[in-house]
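The values are calculated or read from the model by the stated rules, or taken from the named source; none is laboratory data. Owing to the predicted nature of the structure, the values given are computational and were not obtained by experimental measurement. Cβ coordinates were reconstructed from backbone atoms using ideal geometry, including for glycine residues, and neighbour counts include every protein chain displayed. Surface areas here come from the heavy atoms of the whole protein model, side chains and all, with no ligands, DNA or RNA. Shrake-Rupley method; radii C 1.70, N 1.55, O 1.52, S 1.80 Å.
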Amino acid sequence: MTAAYPHARLRRTRAAAWSRALHRETMLTPADLIWPLFVTEGSGVEEPIASLPGVSRWSFDGIAERAREAVTLGIPCLALFPNTQPGRRSEDGREALNPENLMCQAIRAIRDAVGDGVGILTDVALDPYTSHGQDGLIDEAGYVLNDRTVEVLVGQSLNQAAAGADIIAPSDMMDGRIGAIRAALEDEGYANIQIMAYAAKYASAFYGPFRDAVGSRGLLKGDKKTYQMDPGNSEEALREVALDLAEGADSVMVKPGLPYLDIVRRVKERFEVPVFAYQVSGEYAMIEAAAAAGAGDRDALVLETLLAFKRAGCSGVLTYHAAHAARLLT
Ligand code: PBG
C-alpha cells in the first residue's frame, strides 16, 4: 500500500481559524436547545436548587420571565417540571389531573407572556405528584402497575393539552402509553399536538439533582429498574423506539445524554427520525463541579458537550445550560 502522506495532510485544513470554520461539519445554535424549567407556587419566588448550582425553581411570574428570555435568546422550546406542594401529593398522584396544577398554570403564564413564541414541552409521569415518588400507581408490594398507570397518564396528557401544551413528553416508561395517549389526543381534537417519547430512558444514577428539584428524592423508596431500562442494553433501546414510533410518537428521546451517545447514533441510523437527548441533572452538576474544581473551562465544556449531541445525530438537546449556551452562541 502506498502511503497517502504527504499528499494527504489533514492538518492543512486545520491551520487557520477561517479554514476550521469552513470545514466544520456540525453546528450548534440556540435553536438546538430545549430549556427545562422547574415550577413552584407563589409569586416572586426563586428557590435555588443546591445540587444543581445555578438552577432555580420559579413561581409563575419567574417562569414567564424565563419564557421572554428564551424568545430573546432564540431558544425555541421550554420543558416544564413542577415541584408539587407536599399536601397535594398522594398515593395515586391525582394532582396530575388537576386543571389548576402547577404545570397547567405555568403553561398559561407562558402563553400570556409570549404567545406561541416558544414551544411548551410537558413531562408526563406521576413522580412529581405521588407520595411515594414512583412514576406510576403501585401495588402493595410497591410494583408499578402498567395498564392502570397508562390510564392516568392519558388523563394527565389531556389535562396538559387542554392547558395549551405543544409537545407531550411521556417520561414514565410504561408499555403502550404512546399509543394510548395518541389515540386520546386524536379523539379529543388535539391532532396537532406532538408527542416526544422518552423512548430509551435508562435507570440511571444521573437523575439525583432532578429529584431534589421536583421534591421526590426523599420520598422515593427503592429504584425505578422495573420500568426504566438497564444501562447494559442497546438492542432493547431500538425496540423501545420502534414501538413508540409505531404507536404515534413524532420524535424520540434518549436519556441520559453523554453516556448514551452510542444509543443516539444507533437510533438515528436505524430510524432516520428526529432524535433528541436529555443532558440530565447529574450531567449538568458534573460539568459545574468540574469547572468549579478547575478541571476545565466551563464555557468550553458546555459548548463541547452540547456539540457532541449534534454530532451524534440529535436534532436538539434538553439542557439546564440552555440559556447560558445560547448567550455564548449569540
Ligand atoms: C421523571 C423524570 C426524571 C427526569 C425527567 N423526568 C427523573 C426520574 O426518572 O427519576 C430526570 C431529568 C434529570 O435528571 O435532569 N419521570
Over segment 27-329, average the accessible area per residue using a 1.4 Å probe and give it in Å², no decimals.
39
All lysines inside 20 Å of Lys255 as judged from Cα atoms, apart from same-chain residues fewer than 8 positions distant
Lys201, Lys224, Lys225, Lys268, Lys310
With each run of n ≥ 4 DSSP H residues scored as -39500 (n - 2.57), what mean residue ellipticity at 222 nm is computed for the chain after dividing by its residue count and rounding to the nearest 500 deg cm²/dmol?
-12000 deg cm²/dmol
Roughly to the nearest percent, how much of the accessible area of segment 122-202 is carbon and sulfur, given a 1.4 Å probe?
45
Starting from one equal scatterer on each C-alpha and no solvent at all, send me the Debye-based log10 I(q)/I(0) for segment 156-226 at q = 0.20, 0.23, 0.25 Å⁻¹, two decimals.
-0.92, -1.04, -1.11
Roughly what % of DSSP beta bridges within the chain run antiparallel, to the nearest 5?
10
Paramagnetic reach from Ser56 in segment 97-125 [backbone N under 18 Å; point 7 Å along Cα→Cβ]:
106, 110
Cα-only radius of gyration and Dmax that characterise segment 203-287, units Å
13.8, 40
For the chain, I need the span (max minus min coordinate) of the C-alpha atoms along each principal axis, in Å, sorted largest to smallest.
70, 45, 40
Ranked by how many other beta carbons lie within 10 Å on average, peptides 202-213, 44-55, 80-91 from highest
202-213, 80-91, 44-55
Starting from the residue with the highest accessible area, list His324, His7 in decreasing order, probe 1.4 Å.
His7, His324
What number results when the radius of gyration of segment 11-111, computed over Cα atoms, is divided by 2.2 N^0.38 Å?
1.53
Find how many whole Å separate the alpha carbon centroid of segment 69-113 from the alpha carbon centroid of segment 206-270.
22
At Ala205 and Asp230, where each label point lies 7 Å from the Cα along Cα→Cβ, what is the point-to-point distance in nanometres?
1.8
Which of Val267, Val114, Val152 ends up with the largest GNM mean-square fluctuation for the chain, with Cα atoms connected below 10 Å?
Val114
Please give the length that would be gained between Thr29 and Thr330 if that part of the chain were fully extended, namely 0.36 nm times their separation in residues minus their C-alpha to C-alpha distance (nm, one decimal).
107.5 nm
Could you state how much accessible area Met27 has, in square angstrom rounded to the nearest 10, with a 1.4 Å probe and all protein chains kept in place?
100
GNM result for the chain, Cα springs below 10 Å: residue of Asn101, Asn233, Asn159 fluctuating most strongly:
Asn233
Note, segment 7-12: 3J(HN,Hα) by Karplus (6.51, -1.76, 1.60, θ = phi - 60°), whole Hz, Gly/Pro = x, goes 4, 8, 10, 5, 6, 4
Find the relative contact order for segment 69-188 and round it to a whole percent, using C-alpha pairs within less than 8 Å whose residues are 6+ positions apart.
29
For segment 125-187, run through the GluC sites (Glu not before Pro) and keep only the ones in DSSP coil with at most 10 other Cβ atoms within 10 Å of their Cβ.
Glu140
Hey, what angle do you get for helix 60-73 against the long axis of the chain, alpha-carbon based, 0 to 90 degrees rounded to 10?
20
Give the calculated FRET efficiency between Phe271 and Asp187 to the nearest 0.05, with a Förster radius of 22 Å applied to their Cβ-Cβ distance.
0.25
Mean-square fluctuation maximum in Gaussian network of the chain, Cα pairs under 10 Å, restricted to Gly313, Gly215, Gly296, hits Gly296
Rounded to the nearest 10, the angle in degrees between the Cα long axis of helix 177-187 and the longest principal axis of the Cα atoms of the chain comes to 70
